[in-house]
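The structure appears right after this line, and notes come after that.
The values are calculated or read from the model by the stated rules, or taken from the named source; none is laboratory data. Being a predicted model, the structure only gives us computed values, none of them experimental. All Cβ positions, glycine included, derive from the backbone under ideal geometry; neighbour counts span all protein chains shown. The area values use the complete protein model at the heavy-atom level, side chains included, leaving out ligands, DNA and RNA. Shrake-Rupley method; radii C 1.70, N 1.55, O 1.52, S 1.80 Å.
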Number of protein chains: 2
Amino acid sequence: MVGYSQSEEDYLETLYVIQLENRVARVKDVAQALDVKMPSVVAAVRSLSEKGLVEQEKYGHIELTKKGEKVGKDVYKRHQLLYAFLHEVLGLEPWVAEEDACRMEHHLSPQTRERISRIVEYIRACKGDEVHFLKRFMYFVNAGEMPAPCLGCTNIKRCR
Amino acid sequence: MVGYSQSEEDYLETLYVIQLENRVARVKDVAQALDVKMPSVVAAVRSLSEKGLVEQEKYGHIELTKKGEKVGKDVYKRHQLLYAFLHEVLGLEPWVAEEDACRMEHHLSPQTRERISRIVEYIRACKGDEVHFLKRFMYFVNAGEMPAPCLGCTNIKRCR
DNA sequence: AACTGAGGTTAGCCTTGACTAACATTGTTA
DNA sequence: TAACAATGTTAGTCAAGGCTAACCTCAGTT
């Protein structure tokens with residue numbers, strides 16, 4: 001129960017996403033999605049099936065077991081969370097956020113995951129409100145410079 | 001110029017930190033720091049020296065070249081940045097922040113790095129001020145629940 | 001029913017990066 | 001100065017995870 005390698009997580013996540021889209025997973029699809037050659041997929045599938053994570057009948061399509069689906073879904077959730085954080089909070093462009101999410105999704109502790117999801121939640125909850133801090137926070141994060149001093153503030157001791 | 005592997009970055013960072021502390025890097029130290037055996041270090045050093053990143057005379061100590069020092073320093077800076085973010089902003093306990101920083105430091109794009117450093121900078125700049133948003137933001141991130149409504153607010157349309 | 005081409009598989013190879021066991025060097029200490 | 005303990009190195013092994021080349025299956029076409 002030590003967990004799965006980055007490579008294994010990538011395969012399981014890919015299969016999960018294909019399954020989410022109500023498509024049937026074939027070796028070629030997975031190879032394209034992960035930018036590897038078909039024999040690599042075949043080897044990975046054999047290894048994963050020995051661990052009870054996927055099932056495949058020869059020349060047939062690849063299916064996640066319950067266990068494999070659980071892992072794949074978990075990785076995918078981490079990916080989504082990171083993407084949301086990178087794009088919505090940090091304001092990174094979609095493709096940068098996507099790429100970074102792919103690379104970082106394998107390296108988050110549960111604690112970090114929890115904290116990041118709180119930030120995303122908070123920022124989302126504030127969206128659309130004229131919340132003072134939010135505009136300034138987002139301005140700084142996105143523009144990289146301090147917003148101009150806020151003159152009308154009464155409840156802020158020193159307004160940067 | 002494609003970059004360096006996670007393993008290579010770890011070795012260079014370790015050597016950089018030892019160098020920072022004005023210590024001399026020996027095979028055994030590096031092995032202990034990275035929790036690997038000495039022959040692994042020897043192999044890594046040979047490989048890195050072929051790439052012009054380190055130098056070592058047989059049975060002597062290991063030194064970073066200018067090029068290697070640059071890479072090691074860069075990795076270390078990423079590590080410090082991530083640690084600061086995880087600890088100071090997300091409020092994670094030091095050992096969790098440390099562990100996550102170690103794993104994530106290899107997977108940050110320059111863009112993400114830049115954005116995260118802005119957040120850290122902003123949070124640091126606000127420390128000690130009675131800035132309205134900061135307290136609420138940090139409360140939420142750390143406690144995981146919305147702070148109580150703020151009654152005295154005049155410049156916030158709706159205060160969650 | 002035979003053919004053909006896309007997709008799947010196998011065999012065999014390579015690199016990375018770890019390991020153990022055995023051997024070599026060095027520096028300290030008797 | 002000789003010996004020994006600590007440190008460093010070499011040789012050989014292994015697993016993971018890619019790859020290419022060659023071969024196999026199967027579905028659709030003729």
Handout entry: Residue that is farthest from DNA strand C (Cβ to nearest atom), among those in the range A:52-63 that are free of Cβ contacts under 8 Å to residues at least 12 places away in the same chain and either under 20 Å from A:Gln6 (Cβ atoms) or of a type outside the set (Phe, Trp, Tyr) (or both)
Key = A:Glu55
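How about the range B:28-71: which of its residues are part of a helix (DSSP H, G or I) and surrounded by 17 or more Cβ atoms within 10 Å (Cβ to Cβ)? It would help to see each step written out before you state the result.
Initially, the range B:28-71 is screened for residues part of a helix (DSSP H, G or I), giving B:28-34, B:38-50, B:66-71.
B:Asp29, B:Val30, B:Ala31, B:Ala33, B:Val41, B:Ala44, B:Val45, B:Leu48, B:Gly68, B:Glu69, B:Val71, listed by residue number.
Just wondering, is there one or more residues in the range B:68-84 that are within 16 Å of DNA strand D (Cβ to nearest atom) and away from chain A (no Cβ under 14 Å)? Reasoning before the result, please.
Keep residues of the range B:68-84 that are within 16 Å of DNA strand D (Cβ to nearest atom), which gives none.
Within the range B:68-84, none of the residues are within 16 Å of DNA strand D (Cβ to nearest atom) and away from chain A (no Cβ under 14 Å).
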Problem - Pairs where the first residue, in the range B:7-22, is free of Cβ contacts under 8 Å to residues at least 60 places away in the same chain and under 13 Å from B:Lys66 (Cα atoms) and the second is open to solvent by less than 20 Å² (accessible area, probe 1.4 Å) and within 15 Å of DNA strand D (Cβ to nearest atom), C-beta under 7 Å, 6+ apart - result: B:Leu15/B:Ala25; B:Leu15/B:Val30; B:Leu15/B:Val54; B:Leu15/B:Ile62; B:Gln19/B:Ala25
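If I ask for residues that are more than 10 Å from DNA strand C (Cβ to nearest atom) and more than 23 Å from the chain's Cα centre (by Cα), which ones from the range B:28-48 would you list?
Step one: filter the range B:28-48 for residues more than 10 Å from DNA strand C (Cβ to nearest atom), giving B:28-30, B:32-33, B:45-46.
Those that are more than 10 Å from DNA strand C (Cβ to nearest atom) and more than 23 Å from the chain's Cα centre (by Cα): B:Lys28, B:Arg46.
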Practice task
Output yes when any residue across the range A:109-118 is under 29 Å from B:Glu105 (Cβ atoms), within 14 Å of chain B (Cβ to nearest Cβ), touching a helix residue (DSSP H, G or I) at 6+ places or on another chain (Cβ under 7 Å) and among the acidic types (Asp, Glu), and no when none is.
Solution key: no
